[in-house]
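The values are calculated or read from the model by the stated rules, or taken from the named source; none is laboratory data. Quick caveat, the model's predicted, so the values are computed rather than measured. Positions of Cβ are backbone-derived with ideal geometry, glycine not excepted, and every protein chain shown enters the neighbour counts. We work out accessible area using only protein heavy atoms, side chains counted, and drop any ligands, DNA or RNA first. Shrake-Rupley method; radii C 1.70, N 1.55, O 1.52, S 1.80 Å.
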Amino acid sequence: MFLEAPELFLPQYGGYCAYAVSKGKLVTVDPDVYVVLDEKLFLFSNAEARTAFENEEPGIVQVADGKWAEMESERAQKKGCFSCF
């Protein structure tokens, strides 16, 4: 399945915690804490972050998408990596 559609298995937001991204922060994740929504993989730093994310759905994905776009744009302007923030 992965070989047929790898984009379906890539985590959103570069593999950072989806809930943290929705708040404009970059936080590492626990790969065992995740949720799949609309065929997209969202990772979280812990179970509490996942629960908070799920409690704010619907709508939080759009917020996180917007924050992520801002973060990527800022990174591109700095021509650096996210770890440089």
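Overview of values
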item: Hey, GLU7 loosely packed, with under 14 Cβ neighbours inside 10 Å and in a helix (DSSP H, G or I) or not; result: yes
item: Count of the range 10-36 residues which are in a strand (DSSP E or B) and in contact (Cβ under 8 Å) with a residue 60 or more places away in the chain; result: 0
item: Residue list for the range 1-21, filter: out of contact with any Lys or Arg (no Cβ under 6 Å at 6 or more places or on another chain) and closer than 19 Å to GLY66 by Cα; result: LEU10, PRO11, TYR13, GLY14, GLY15, TYR16, CYS17, ALA18, TYR19, ALA20
item: Restricting the range 74-85 to residues that are among the hydrophobic types (A, V, I, L, M, F, W, C) and assigned to a helix (DSSP H, G or I), the residue that is modelled with the highest pLDDT; result: ALA76
item: Residue in the range 37-73 that is modelled with the highest pLDDT, counting only those that are in a strand (DSSP E or B) and of a type in the set (A, V, I, L, M); result: LEU43
item: Close pairs (8 angstrom Cβ cut-off, 6 or more residues apart or separate chains): within 13 Å of GLY15 (Cα to Cα) and open to solvent by 30 Å² or more (accessible area, probe 1.4 Å) in the range 40-53, in a strand (DSSP E or B) and of a type in the set (Phe, Trp, Tyr) anywhere; result: LEU41/TYR34
